[in-house]
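Worksheet for the structure shown next.
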Amino acid sequence: MTHGAEPAEHHASEPSRLFFDSARLAGVGLAGSAPAAISVDGSHPAAHLISQEQPVETVGWDDAAELASARLREQPVVLVAGITDLMADGTAGTDTPLRTVLERLESPSDDALLGLLLPASLITSRRHQGFRASMARRWQPAGVIYSTGALPEAHPSEQLVLLYVRPRSAQTRKVHVFRVPRTGRGADVEQELTHLLAQPSGSTEHGYVLAQPWTAEANWRFDPSAAAPPPADAAEPDANMEAERSARTFGDLFERVKTARKDAFPHLDQGAPGAVRLLRFRDFSAGTLVPAEENDAVWAEIPPDRQLQAGDIVMQSVLHESTTRGPAVAVIAPEDLPAALEGSMNFAFRLKQPVEDHHLRLLVAYLNSAVLQRYTAGGTIRRVQWKAIQDLPLPAPDEALVDALDELNEARRRTLAWHREATALRQSSFTDRDREAARQRIITEGRVLRLRVEAASQLDDDSYIYRTTLPYPIALRWREVEAKVSITDDPGPAYQAVLATAEILFCYCALVAAALAYWEGVTIPRMSDIRSRLTSGGNPPGFGDWVAVLQELPSAVRHLGLQPNHPLTEFASFGADQDVLAARVRIYGQRNDEAHERRADELDLPGALQTALADLKFLLKRALFLADLPLAHVTLVRWDALREKASVDHHRLMGDHPIVPISILEQDHPGLEVGSLYVIDSERRLHLLRPFLTRQLCKRCRAWSTFHLERTHNGKVFLKSLEHGHPLPVEEPSMQAALQQVGLL
């Protein structure tokens, strides 16, 4: 018998918190999704620390193997047994129930990940060699997280491990080993562990990648000397790539630039020959340089070796203890020159080697963050230590992150401009002697400001966001939900609209993911099943199929090593999200009940509607990554051979209206199809969706709609509209050939 236990609050000690956070992170890194916890023979607080907000299932030893086998089909699982019982001395009986579970447990695939919370003695002591031998017959280690003092009920010197194992197969796998420090910043431990899990070999301060897999006879102690060295025959990258790879710290990438004291050189008028602007602490306190005409700029005769160059970075070196951000940082532009830096409270530094513009912007944002708080010394007024920041680790280039930061900076800039405009307008009402003219000016000039605020405030409304930022097929369905929910005397149509919208959400996500996976050369098992049914004239694909596609996606693409900004990673995360799973299970059950004549009766319908509506809103919120993957219908491509650029006219099909203006973007290749649907990723790359999704004129409602393959009947192929459910027979042989080519027929 099993049951779900609600997560309880547990006030974990620092070693306990660091260990269980690391254990959970390792599960995510090794399997791609957060592990679920199963408490065996009694609920243990450690299970809640691993599962966090997920419910914990409790089970007896006799049923543990069956439950774990079922859960492993969906996500990684951690078994938490009676730790203090397993710590008992002697060999008789202490680990026998656990051995039995491991022998009976059936794994769904070689990639399944099982975690075992154990006393370290079970994998390090000689008397438990039999346990290791029994386990090694069917399982092989994938990752081990060690800690000391993580269990409050055990002695502070007791060592604990979270052992992650996979089914034993012919494939040799790397084993990542990590020992969690007893104290430290959680963010630092997380960063190091994440870095270790991404390494194919080598070591970090607290971990290493094992050179040779453990055998049952070996002592599985933490031993950094067993780390696998980096391959000696690795291909040599080109000089620029090698320089960029080696520049991992501040000192690797930057050198200090000489500064000037304010009174060390003669002051000059701004227009005097040889006058150089001397930048002071307050000249870039907002993170950008203040124009000389906006303050009392200082000009002086500064020698060339102390003058700044375009691309140099200036940074404040003093922070107040109350600040929660980093120092103000600015990049010197050509129009800021000639300039030098006053050095009493500032630093200037220069790149030793050029970097791409987006990487430089990322470095500036990083230095402006709170990360430099740890590199300061002093009391109320603290100074950044130049020698200390030489070892400051710097982020690798990440253009998608920089684009997101730029968008935030632009939003901040516009908001501040509106604030200044409103302040100036408000204050003018008290300085104008003509009160009537002042009142009219405030009404007239303030109208645009009020409209801006009104429009911005709508973005705090989730319904408005879904209606205006999601792809057209989903946004239109959501608009229909809103309209029908507003009719309070008849909840039936609203209930049907909610369930249909949930299905369309998963259908759209699954088909876009399938299209992306096809172009990456990946086969999703459920898509093969759908093809078999379509080819034989069987049942058309439905809600369950679209859910299955998304659930199978993470394991299908795991071997690709996709970049974090690849759109497939977003769909894989959505498919593996356990909170999404819980909401999907409920709404899918309601959809099935409606389809199989188990409809909610008149009394239960209002409650069923509210439950389904809440789940739909949650699912749409988790699917907001779609707002960053615009659906585009390409209408014209113009290739410029001299510039080697394509100008692409397209309809951006986002929001609940099908008629939208033409948008234009540039691409580096001409091979785009006019008339086809694409999604545009964060790097402005277009990904073809044909024939998984196509845009055609519906013959029933005469509206442009988004169609997908639904069924075959008597040798004919039929598509179905996501927006209205209208059928459309396939009449063009080329369309049917395309469906066959991608494996849908």
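The condition (being touching a strand residue (DSSP E or B) at 6+ places or on another chain (Cβ under 7 Å) and more than 23 Å from residue 540 (Cα to Cα)) is satisfied by just one residue among 724, 708, 650: 650.
The set of residues from region 710-727 being crowded, with 19+ Cβ neighbours inside 10 Å and either at pLDDT 90 or above or not aliphatic (A, V, I, L, M) (or both) comprises 712, 719, 720, 721, 722, 723. Taking the criterion of being under 17 Å from residue 599 (Cα atoms) and either out of contact with any helix residue (DSSP H, G or I) (no Cβ under 7 Å at 6 or more places or on another chain) or not assigned by TED's automatic domain parsing to the domain that holds residue 652 (or both), the only residue of region 460-495 that qualifies is 490. Among the residues of region 302-322, those that are loosely packed, with under 15 Cβ neighbours inside 10 Å and at pLDDT 85 or above comprise 303, 304, 305, 309, 310.
Residue 646 passes every criterion in (1) at pLDDT 90 or above; (2) hydrophobic (A, V, I, L, M, F, W, C); (3) surrounded by 15 or more Cβ atoms within 10 Å (Cβ to Cβ) apart from (1). Tell me yes or no: at least one residue of region 491-505 is out of contact with any Gly (no Cβ under 7 Å at 6 or more places or on another chain), modelled with pLDDT of 90 or more and within 18 Å of residue 567 (Cα to Cα). Within region 491-505, one or more residues are out of contact with any Gly (no Cβ under 7 Å at 6 or more places or on another chain), modelled with pLDDT of 90 or more and within 18 Å of residue 567 (Cα to Cα). Could you tell me which of the residues 235, 264 is closer than 30 Å to residue 210 by Cα, aliphatic (A, V, I, L, M) and either at pLDDT below 70 or assigned to a loop (DSSP other than H, G, I, E, B) (or both)? Of 235, 264, the one residue that is closer than 30 Å to residue 210 by Cα, aliphatic (A, V, I, L, M) and either at pLDDT below 70 or assigned to a loop (DSSP other than H, G, I, E, B) (or both) is 235. Taking first residues from region 616-645 that are within 14 Å of residue 474 (Cβ to Cβ) and partners that are of a type in the set (D, E, K, R) and assigned to a loop (DSSP other than H, G, I, E, B), the Cβ contacts under 7 Å between residues at least 6 apart in sequence or on separate chains come to 622/577; 629/681. Just so you know, in region 428-447 the residues that are part of a helix (DSSP H, G or I) and exposed (fewer than 11 other Cβ atoms within 10 Å of the Cβ) include one that is modelled with the lowest pLDDT, and it is 435. For residue 255, state whether it is loosely packed, with under 11 Cβ neighbours inside 10 Å and modelled with pLDDT of 60 or more. When the stated conditions are applied, residue 255 passes them.
Table: residues versus (1) of a type in the set (Lys, Arg); (2) free of Cβ contacts under 8 Å to residues at least 12 places away in the same chain; (3) in a strand (DSSP E or B).
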residue	(1), (2), (3)
671	no, yes, no
675	no, no, no
678	no, no, yes
684	yes, no, no
692	no, no, no
695	yes, no, yes
699	yes, no, no
707	no, no, yes
719	no, no, yes
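Regarding residue 425, is this residue at pLDDT below 75, surrounded by 15 or more Cβ atoms within 10 Å (Cβ to Cβ) and assigned to a helix (DSSP H, G or I)?
Values: at pLDDT below 75: yes; surrounded by 15 or more Cβ atoms within 10 Å (Cβ to Cβ): yes; assigned to a helix (DSSP H, G or I): yes.
Here the answer is yes, as residue 425 does meet what is asked.
Quick grid of which residues meet (1) in a loop (DSSP other than H, G, I, E, B); (2) modelled with pLDDT of 85 or more; (3) of a type outside the set (A, V, I, L, M):
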{"position": "28", "(1), (2), (3)": "no, no, no"}
{"position": "37", "(1), (2), (3)": "no, yes, no"}
{"position": "42", "(1), (2), (3)": "yes, no, yes"}
{"position": "88", "(1), (2), (3)": "yes, no, no"}
{"position": "93", "(1), (2), (3)": "yes, no, yes"}
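Listed by position, the helices (runs of 4 or more DSSP H) contained in region 96-180 that have at least 3 residues being modelled with pLDDT of 80 or more and not polar (S, T, N, Q) are 96-104, 129-136.
Taking the residues in region 181-201 that are part of a loop (DSSP other than H, G, I, E, B) and either in contact (Cβ under 8 Å) with a residue 60 or more places away in the chain or aliphatic (A, V, I, L, M) (or both) as candidates, determine which candidate is surrounded by the fewest Cβ atoms within 10 Å (Cβ to Cβ).
So in region 181-201, the residues part of a loop (DSSP other than H, G, I, E, B) come out as 181-185, 198-201.
From the residues that got through so far, the ones that are either in contact (Cβ under 8 Å) with a residue 60 or more places away in the chain or aliphatic (A, V, I, L, M) (or both) too are 181-184, 198.
Numbers: 181: 18, 182: 15, 183: 8, 184: 14, 198: 10.
Among them, the one singled out is 183.
Only a single item in (1) under 22 Å from residue 724 (Cβ atoms); (2) touching a Pro at 6+ places or on another chain (Cβ under 6 Å) is not met by residue 552, and it is number (1). Report whether or not residue 663 is of a type outside the set (A, V, I, L, M), outside any loop (DSSP other than H, G, I, E, B), under 28 Å from the mean Cα position of the chain (by Cα) and at negative phi. Taking the combined requirement at face value, the residue satisfies it.
Matching residues to (1) in a helix (DSSP H, G or I); (2) under 23 Å from the mean Cα position of the chain (by Cα); (3) free of Cβ contacts under 8 Å to residues at least 12 places away in the same chain; (4) buried (at least 18 other Cβ atoms within 10 Å of the Cβ):
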{"residue": "473", "(1), (2), (3), (4)": "yes, no, no, yes"}
{"residue": "477", "(1), (2), (3), (4)": "yes, no, no, yes"}
{"residue": "488", "(1), (2), (3), (4)": "no, no, yes, no"}
{"residue": "492", "(1), (2), (3), (4)": "yes, no, no, no"}
{"residue": "495", "(1), (2), (3), (4)": "yes, no, no, yes"}
{"residue": "503", "(1), (2), (3), (4)": "yes, no, no, yes"}
{"residue": "508", "(1), (2), (3), (4)": "yes, yes, no, yes"}
{"residue": "512", "(1), (2), (3), (4)": "yes, yes, no, yes"}
{"residue": "517", "(1), (2), (3), (4)": "yes, yes, no, yes"}
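The residue that is modelled with the highest pLDDT, counting only those in region 271-286 that are over 17 Å from residue 334 (Cα atoms) and not aliphatic (A, V, I, L, M), is 273. Scanning region 726-740 for residues that are without any contact (Cβ under 8 Å) to a residue 40 or more places away in the chain and either under 35 Å from the mean Cα position of the chain (by Cα) or in a loop (DSSP other than H, G, I, E, B) (or both) gives 726, 730, 731, 732, 740.
For region 331-381, the candidate set comprises residues that are acidic (Asp, Glu) and either closer than 21 Å to residue 300 by Cβ or part of a loop (DSSP other than H, G, I, E, B) (or both); within that set, the residue that is farthest from the chain's Cα centre (by Cα) is 342.
The values are calculated or read from the model by the stated rules, or taken from the named source; none is laboratory data. Since the structure is predicted, the reported quantities are computational estimates derived from the model, not experimental observations. We place every Cβ from the backbone using ideal geometry, glycine too, and count neighbours over all the protein chains shown.
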